[in-house]
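Structure, as structure tokens:
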Amino acid sequence: MSELLETGDNVRCTLQGSSCEGTYIASRNGMATVKLTSGYNIGIPIEALTKNGSSEMTEPKVLEVTQDKTLPCISIVSTGGTIASKIDYRTGAVTSQFRATDILNAIPGLASLAQFRAVQLCNILSENMTPAIWQQLARAIHDEIKAGAQGILVTHGTDTMAYSAAAVSFMLKTPVPVVFVGSQRSADRPSSDNVMNGMCAAKTALSDLGEVVVVMHGSTSDDSCAIHRGTRVRKMHTSKRDAFQTIGQEKLGNIVYPSLEVTLSPHAIRRGASELILKDNLEEKCGVVWYYPGMDPKILSAWDGYKGIVLAGTGLGHVGTEIISKIQDMIASGTMVIMTSQCLHGRVCDRVYDTGRDLLSVGVIEGEDLLPEVALVKLMWVLGNSKSQEEARNLMTHNIAGEISWRSAE
Amino acid sequence: MSEDYAALGLVAGIEIHQQLNTKEKLFCRCPTIIREAEEANGEFFRYLRATKSEMGELDRAAEEEMMQVRQFRYLTYDTTCLVENDEEPPAPMNQEALDIVLTIAKVCGMTPVPEIHTMRKLVIDGSNTSGFQRTALVAMNGKLPGGAEIETVCLEEEAAQRIEDTFFSLDRLGIPLIEITTSPCLHTPEAVQETAAQIGMILRSTGRVKRGLGTIRQDINISIREGARVEIKGVQELDLISEVVRREAQRQVALLEIREELKKRGASIEKTPVDVTSLFSESKSRVLKNASMILAIKLNKCAGLVGREIQPGRRLGSEMSDYAKKCGVGGLFHTDELPAYGVIEEEVVSLKAALSASPEDCVIIVADKPQRCQCAIKQIIRRAEMAFEGVPKETRKMLEGGSTAYMRPLPGAARMYPETDVFQVRVTPERFADLEIPEMIDDTIARYMKEFGLTREVARQMAYSERRSAFEEVIASGIKPALAERAFNSTLRELSREGILITRIADDDIKTILCAINSGDIAKEALSPILSALAEGKKPEEACEIAAPKVTENELTLIIERIVTERSDFIRERGNAATGPIMGVVMKEVRGSVDGKVVNQILRESISRVLKTP
């Protein structure tokens, strides 16, 4: 029976003498999903179904959004993610299926703020991002700004949004706001944060800002969104709306909702302060090693041949004495090793304890207050754009895109 | 009106929602406890908006809720979590709750759904932080002993409790709820009420449902021939159900009569409202004087009909007003009821003149901010046009007394969307077969009467009591049923009537007291004072000590000797007949701490000694 059924077919379900009618949706592992006339879905063994009539399903209508030509121009570069996701009957879970234009349909208020150009770069959940896509993303944004966009919106899954924002921060010097935005609750629910985040992000893209940022909910209430620097932001909660936090710095500003009033902090880089420059080389042979007590030095051998390693060390930036000689070997064979801290908050200092001093003496570079994943992205970019180890070492210890603060305020 | 419901073609069905008494909520691990608003530990607010179904449609009811952008506030507690806040995906479905629902399905002879899919039912009135209620169809096609057909049984999550308007408390959100839906198989108001009572009895028979006001709610679906299906939400009192059905039938009859009258008169509705703001700039009606806009619409040849009563306390005008209120306005005025509310005759005359209305016409006005006014007048025109069709399909809410008001359009299947965060649950035939069917309370009552010799009323009280299982346990352990009933029911009822907080008395403590009575340590006469002491928070031993201090046989003999000596004249006068009255005196003094039989024996001996001495 199953091979004859198509999504939308009317079917009769017979179960232990009782029966009901519904619409066939899909089947998996011998169980068919049937939508009853009441709207409820139920799972029924496929052999309990008989076809009653053919598909009456119509394609959901896609409304064309009319754009106001007098408004400033923003480009939306879409990569996928929860902000534009809906049910996938193939897996039964939520996936990203929308095109960039669907975002305008999903967030009706956007069209009153600006005219939008849509670029669909990819349509993936952000855990499937790669450095190669970061590069495409930086190029696409570059091209859009060059073509006259007054701001860029990047829709992105939240899981690795901070990595991508950091990557673009290093690859691209921008005169206009490049705003990463996502949502923590899927767009197909009435309580989704996609509308508020999207509106606040669009307003930020029109603001006086001139750097790469992430705009997401500022609290659990629908009261304001926060603007985070792309190189200082981190997803600090698996599911809450205000999961994104700026670490070790003041955030760059906020947007009040629903008035959409944008306030920028004094340290936010302003529109036009930088010229548009793209430097999109990345050295992908880089990795992060999370140290843990008793870690077997042999594990590090897996990283042999890598050009750069970020260590997420303990406390001030330590690893056990046991593995220092292996690190020494790696550095000797040309791997650049940067120390960061699992504490996330605070600065690395390897000059206080013996193990720290030993690490410095074998050539480990202190990663200042770099977040481990930002250090990784930076290392990729630095190694991809340096002519010598010395230059790379120099770049790693200097601030390039707001990733290092020289004074610890908290 | 006619009482012949068969002639009216009355068709009704009922939906019963009952909270389940589970340890945890349906999709999170929070306890199912109701809290006081003062105990809240936090607050947040959100906006909601309608989303399309997976078929790409927008639900009518949700669309109407969206006419106003509203901010919803929520109170959180130390017994609520991120799931209620819509800040964390739901946990897997609570299997304890599912077992209760499957058990009830089994009682009703239903077929379980082989694989249960949780759905999101769009509800954007703020009562769910997510904007939807999670609900799953668990079983289909059953029948009650009385013949009523049960169409479906669903397992749902309870909505947040509304504190006021757009302000909610999250303690109730997520408590498991069973929804039992009958087919439209009921044809009289009484049948609807009886069916509701029967379903209520089945629910209570499981012993696993919540009790108290608000834990059970009935929705009634009803129509008459040529009328339309109307769903009345939230009928809480069982006794009002038949009245609600009667009044809805009456309303539909009245609306059909109005339809005929409109046709007969050749009535019509103007399409374009007239701005009459200036007419009321000096009005004594504050609403009209202060309004930034007043719009009027003329209903041709409708005079008298807008003001006609269609249900106790409800007119056609009330229906139009309900529709207008969706736009945020306070209500409307119509010429069938004017002059009144501060509007004077001259104003009515000039209003009618402004719209060129004849005495046969009716004029309706709304006053508010321009945007709201325009929205409201459109709604009024819409509802007025519906009067030509007869009865609109609607969701309505119950008002005090059993009349109803318009809530929103009937929702359609478009409001259902799969809950993608919850895995489907397979219900194996073995699981269903293994479920134990509880004894139905009706059968329990009969058994109590037969086995324990209780009267029907007392048996009924005991069968519905929360203390029923403790009651049966003590009888099984050898306590006499009459005594057990007194301890677990009658005495508690008496104390409760005296204002004593009997909920503080634990079943186990009552058991302890009953054991003491059974072993002769305490007299059963002491039951009432001991229970009151327990209600004050005393431990069983303390309660016995206070209410019935231990009296040794020696002490008892001395007490009896004293009392008998004091009353020796009385004894000589009455002889053995004095035993009864003196028994009372002694029992009062020992406050029931000694078994009456023992007292009686010593007393008789003592009295006979007195009678023997000259």
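Between B:A197 and B:E226, full extension at 0.36 nm per residue minus the direct alpha carbon distance yields a gain of 7.6 nm. Only protein heavy atoms count here; under a 1.4 Å probe, A:T263 has an accessible surface of about 70 Å².
Would you mind pulling out the separation of the Cα centroids of the range B:481-519 and the range B:564-614, in Å? Using only Cα atoms, the two centres lie 30 Å from each other.
For B:L410, the residues whose amide H sits under 5 Å from its own are B:E394, B:T395, ignoring neighbours fewer than 5 places away on the same chain, with H placed 1.01 Å from N. Full extension of the chain between A:V256 and A:Y353 yields a length gain of 30.3 nm, computed as 0.36 nm times the residue separation minus the alpha carbon distance. Couplings 3J(HN,Hα) for the range B:433-442, derived from phi with the Karplus relation 6.51 cos²θ - 1.76 cosθ + 1.60 (θ = phi - 60°), are 5, 6, 5, 7, 8, x, 5, 6, 4, 4 Hz, where x marks Gly and Pro. For a Förster distance of 41 Å, can you work out the FRET efficiency between the beta-carbons of B:E542 and A:R28, rounded to the nearest 0.05? Calculated transfer efficiency: 0.05. Residues of the range A:147-189 buried by at least 20 Å² of accessible area upon assembly of all protein chains, compared with the chain on its own (1.4 Å probe): A:R185, A:D188, A:R189. Taking amide H positions as modeled 1.01 Å from N, with prolines and chain starts lacking one, the residues under 5 Å from B:E115 and 5 or more places away or on another chain are A:G43, B:V427. Does the protein assembly as shown come out rounded, prolate or oblate, given a ≥ b ≥ c as the square roots of the eigenvalues of its C-alpha gyration tensor, rounded meaning a/c under 1.5 and, failing that, prolate meaning a/b above b/c? Oblate, because a/c is 1.5 or more while a/b does not exceed b/c. Using the Cβ-Cβ distance between A:T70 and A:T263 with R0 set to 35 Å, the FRET efficiency from 1/(1 + (r/R0)^6) comes to roughly 0.85. Among the residues of A:215-226, the average count of other protein chain beta-carbon atoms within 10 Å of the residue beta-carbon is 3. Excluding ligands, DNA and RNA, the accessible surface per residue across chain B is 43 Å² with a 1.4 Å probe. Each residue of the range B:396-404 was assigned a 3J(HN,Hα) from its phi angle through the Karplus curve 6.51 cos²θ - 1.76 cosθ + 1.60 (θ = phi - 60°); the sequence is 10, 10, 7, 9, 4, x, x, 7, 9 Hz, with glycine and proline shown as x.
Note on A:N281/A:R393: beta-carbon distance plugged into 1/(1 + (r/R0)^6) with R0 of 22 Å gives a FRET efficiency of 0.80. Using only Cα atoms, locate the centre of the range A:226-289 and the centre of the range A:311-389, then give the distance between them in Å, rounded to an integer. Their Cα centres are 24 Å away from one another. Between A:H237 and B:R211, the simple spin-label model (points 7 angstrom out along Cα→Cβ) gives 3.9 nm.
Rolling a 1.4 Å probe over the protein heavy atoms of chain A, with every protein chain left in place, gives an accessible area that is 50 percent carbon and sulfur. Spacing of the modelled spin labels on B:K271 and B:A433, each 7 Å from Cα toward Cβ, amounts to 6.7 nm.
Measuring only protein heavy atoms, the 1.4 Å probe finds A:M199 accessible over about 20 Å². At the residue level, B:C30 shows approximately 10 square angstrom of accessible surface with a 1.4 angstrom probe and all protein chains present.
Both chains summed, the buried accessible area for B and A stands near 3900 Å², from protein heavy atoms and a 1.4 Å probe. Under 1.5 on a/c is rounded, so check that first for the range B:239-298, then, if it is not, pick prolate when a/b is larger than b/c and oblate when it is not; a ≥ b ≥ c are the square roots of the alpha carbon gyration tensor eigenvalues. Here the range B:239-298 falls in the oblate category. A simple charge model with +1 on the Cβ of Lys and Arg, -1 on the Cβ of Asp and Glu and nothing else charged puts the dipole of the range A:288-378 at about 120 debye relative to its Cα centre.
For the range B:567-580, take each phi angle, set θ = phi - 60°, evaluate the Karplus expression 6.51 cos²θ - 1.76 cosθ + 1.60, and give the result in whole Hz per residue in order, putting x for glycine and proline. So the Karplus estimates, Gly and Pro as x, are 10, 4, 4, 4, 5, 4, 5, 9, x, 5, 5, 6, 3, x Hz. Modelled spin-label separation between B:E605 and B:F45, with each label point placed 7 Å from Cα along the Cα-to-Cβ direction: 8.2 nm. Rounded if a/c is under 1.5, else prolate if a/b is larger than b/c, else oblate: which is the range B:268-387, with a ≥ b ≥ c the root eigenvalues of its Cα gyration tensor? Note, shape of the range B:268-387 comes out rounded. Extension gain for B:S465-B:V585 works out to 39.6 nm (0.36 nm per residue, less the C-alpha to C-alpha distance).
The values are calculated or read from the model by the stated rules, or taken from the named source; none is laboratory data. A quick note: this is a predicted structure, and the numbers were derived from the prediction, not measured. A quick note on method: Cβ atoms are made from the backbone with ideal geometry, for glycine too, and the neighbour counts reach across all protein chains shown. When the accessible area is computed, the model is the full protein with side chains, heavy atoms only, and any ligands, DNA or RNA have been set aside. Shrake-Rupley method; radii C 1.70, N 1.55, O 1.52, S 1.80 Å.
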